[in-house]
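Asks: Quick one: structure below, then a few questions.
The values are calculated or read from the model by the stated rules, or taken from the named source; none is laboratory data. Everything numeric here is computed off the predicted structure, so don't read it as measured data. Glycine also receives a Cβ, built like all others from the backbone with ideal geometry; neighbour counts cover every protein chain displayed.
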Amino acid sequence: MRIRLGRLSASLLLLVPLAGCSEKTHAVRPATVCDAPIPIIYNAPVINVTHVFTGADGLSHAEPQHEEADASTYLGATLREFQLGDPSNVVLMTGPPNFAFPKHPAPYREIFLVLAGSMDLELSDGTKLSEEPGSLIMFDDLTGAGHAGRFGACGYVAVDLQYQGKPAAPARPAAPAAH
């Protein structure tokens, strides 16, 4: 993540390699489901984002989006920079294992990058999503019935880019029901 001087501007950078993926780390402690490394993305020209938004029907829906990367190098590391706008805050969020949170709309536009653990989401349209390390979720469902979820057995750690006071994407018409 890069913060520019003069105004708050964030972009996600995928660095190769990431800490926690070394052989020494895994040799020191036993491997468990909680020790899963963050996925490494080599030469990724795009990053997949799950966009959660409020439809015209007042329900939360999800759609995939693809953000293109600007590639560069810094001190020998390969950087893939994805322009995600200018957040008002950058927060490290942690959640306890198996904690369930009630249905709610997002308080403001947020983008979560899952670092460790997992989160299962249920959108008000019935869609179920499982977000794991490397997942990027954009919450724009600021009105309507919202979403609920549960952190996984190992808890949840994510970077939360908060866009307080910034408008969400406009509501989209509800998708036609499948026959």
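Asks: Looking at region 82-98, can you tell me whether even one residue there is more than 23 Å from residue 165 (Cβ to Cβ), of a type in the set (Gly, Ala, Ser) and modelled with pLDDT of 90 or more?
Replies: Taking region 82-98 first, the residues more than 23 Å from residue 165 (Cβ to Cβ) are 94-98.
Subset that is of a type in the set (Gly, Ala, Ser): 95.
Checking which are modelled with pLDDT of 90 or more leaves us with 95.
Yes, region 82-98 contains a residue that is more than 23 Å from residue 165 (Cβ to Cβ), of a type in the set (Gly, Ala, Ser) and modelled with pLDDT of 90 or more.
Asks: Would you mind telling me which numbered condition in (1) surrounded by fewer than 15 Cβ atoms within 10 Å (Cβ to Cβ); (2) in a loop (DSSP other than H, G, I, E, B); (3) hydrophobic (A, V, I, L, M, F, W, C) residue 101 fails?
Replies: (2)
Asks: Next up: Within region 156-172, how many residues turn out to be farther than 14 Å from residue 138 by Cα and modelled with pLDDT of 60 or more?
Replies: Counting residues in region 156-172 that are farther than 14 Å from residue 138 by Cα and modelled with pLDDT of 60 or more gives 3.
Asks: Right, something else. Out of all the residues in region 119-144, which are small (Gly, Ala, Ser) and either modelled with pLDDT of 95 or more or buried (at least 21 other Cβ atoms within 10 Å of the Cβ) (or both)?
Replies: Matches in region 119-144: 124, 126.
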